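J.: I have a structure here, written as structure tokens, and I will follow up with some questions on it.
None of the figures in this text is laboratory data; all of them are computed from the coordinates on show. From a predicted model like this one, the values you see are computed outputs, not experimental measurements. Note: ideal-geometry Cβ built from the backbone for every residue, glycine included; neighbour counts use all protein chains shown.
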Amino acid sequence: MATGFAADQPKPKVDKVPFAQTGTISDTNVLTVTFLNMTDHITVRNANTATTSTLKVGFTATGVAAAAYVALNTGESITLDVRSKQICLLKSAGSSVVYSITGALSRLESQDYPDITTANGFEKV
């Protein structure tokens, strides 16, 4: 018999885990952020406030260093509703870039999915 207390209620199914990371990119190397679980959705923001800079966002180090990226100017953000095991960031020439990544990770383990590389049959990455 239900009593109306919280213990009597069905437990909610938690199928997403929150994710948040902030940092600064000050060199010209690609920063690869790897997720233990596949993303459900992810928001990347160029969080610079003092200087004008461009943050390049992509899914592979090769792609973001070439032409397969989205460019975010100071204060801009992008939300991606994609399943990904990593995101790659690169600053444009000039000053450092402050970035923030927020979103939700699914319960799908990243290790169960292939790396997106030309060696694995993916073209132009």
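J.: VAL33 versus LEU80, label points 7 Å from Cα toward the beta carbon: distance in nm?
T.: Between VAL33 and LEU80, the simple spin-label model gives 1.0 nm.
J.: In nm, what is the difference between 0.36 nm times the number of residues separating THR43 and SER106 and their Cα-Cα distance?
T.: Numbers: separation 63, 0.36 × 63 = 22.68 nm, distance 1.46 nm.
Result for the pair: 21.2 nm of gain on full extension.
J.: Still on this model: Residue by residue through the stretch 94-103, which ³J(HN,Hα) values in whole Hz follow from phi under the Karplus form 6.51 cos²θ - 1.76 cosθ + 1.60 (θ = phi - 60°), with glycine and proline marked x?
T.: In residue order, the calculated couplings are x, 6, 5, 10, 8, 10, 9, 10, 9, x Hz.
J.: Once the Cβ-Cβ distance between SER92 and ASP115 is put in as r, and R0 is 30 Å, what FRET efficiency do you end up with, to the nearest 0.05?
T.: Values: r = 26 Å, r/R0 = 0.87.
The pair SER92/ASP115 has a calculated efficiency of 0.70.
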